[in-house]
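Before any comments, here is the structure.
The values are calculated or read from the model by the stated rules, or taken from the named source; none is laboratory data. Bear in mind that the values here come from a model prediction, so they are computed numbers and not experimental data. Cβ: placed from backbone, ideal geometry, glycine included. Neighbour counts: every protein chain shown. To get the accessible areas, we keep the full protein, side chains included, count just its heavy atoms, and leave off ligands, DNA and RNA. Shrake-Rupley method; radii C 1.70, N 1.55, O 1.52, S 1.80 Å.
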Amino acid sequence: MSVTLNNAHQGGKAFRLLKAEQEGRLEEINKEFLCDPKFSDEEDLEEKLAVFKEKYMEFDLNNHGEIDLMSVKRMMEKLGTPKTHLELKKMISEVTRGISETISYQDFVTLMLGKRSAVLKLVMMFEGKSQESTPKLSGPPPERDLSSLP
């Protein structure tokens, strides 16, 4: 079942169906990685794959199942480390080994689980650690008086 968006739809049900279809495809790929003997010694593989799937879907802006140059650019800007187009092309080329100009989900997971230290992998790991170390405060801010102001 393939869902395509046209000018008559502006999100809503069609977009939700498209995302559900994409999630299903990525889940099938995750099952392949879980059955692959190369990754059998990986700790918490199922949890890692779930996080990778979520991140991949977040940055697959065009919903074509591949992360393109502009998606990587947006991701790097969101992480606070903007890159030039040339640097981004080099990153994508490193991930795909020069075969493609977009990053497929298989390439993404292989990169994240692999032993090679690519720039994209380091950035994604840094983003995860920074989110863990910064606890989000809930509730109203603490009261302050004039002496505590700078």
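Details
- Restricted to the stretch 45-93, and to residues there that are closer than 29 Å to Leu34 by Cβ and polar (S, T, N, Q), the residue that is surrounded by the fewest Cβ atoms within 10 Å (Cβ to Cβ) is Asn62.
- Identity of the residue in the stretch 22-44, of a type in the set (A, V, I, L, M, F, W, C) and over 14 Å from Leu111 (Cα atoms), that ends up surrounded by the most Cβ atoms within 10 Å (Cβ to Cβ): Leu26
- Checking each residue in the stretch 92-107 for being assigned to a helix (DSSP H, G or I), farther than 17 Å from Phe52 by Cβ and of a type in the set (S, T, N, Q) picks out only Ser93.
- Answer residue from the stretch 96-150, given it is modelled with pLDDT of 75 or more, open to solvent by less than 80 Å² (accessible area, probe 1.4 Å) and small (Gly, Ala, Ser) and is farthest from the chain's Cα centre (by Cα) among those: Ser148
- Matching entry among Lys31, Lys19, Lys53 (being outside any loop (DSSP other than H, G, I, E, B), modelled with pLDDT under 85 and charged (D, E, K, R)): Lys19
- Any hit, the stretch 97-104, residues being under 25 Å from Ala14 (Cβ atoms) and basic (Lys, Arg): no
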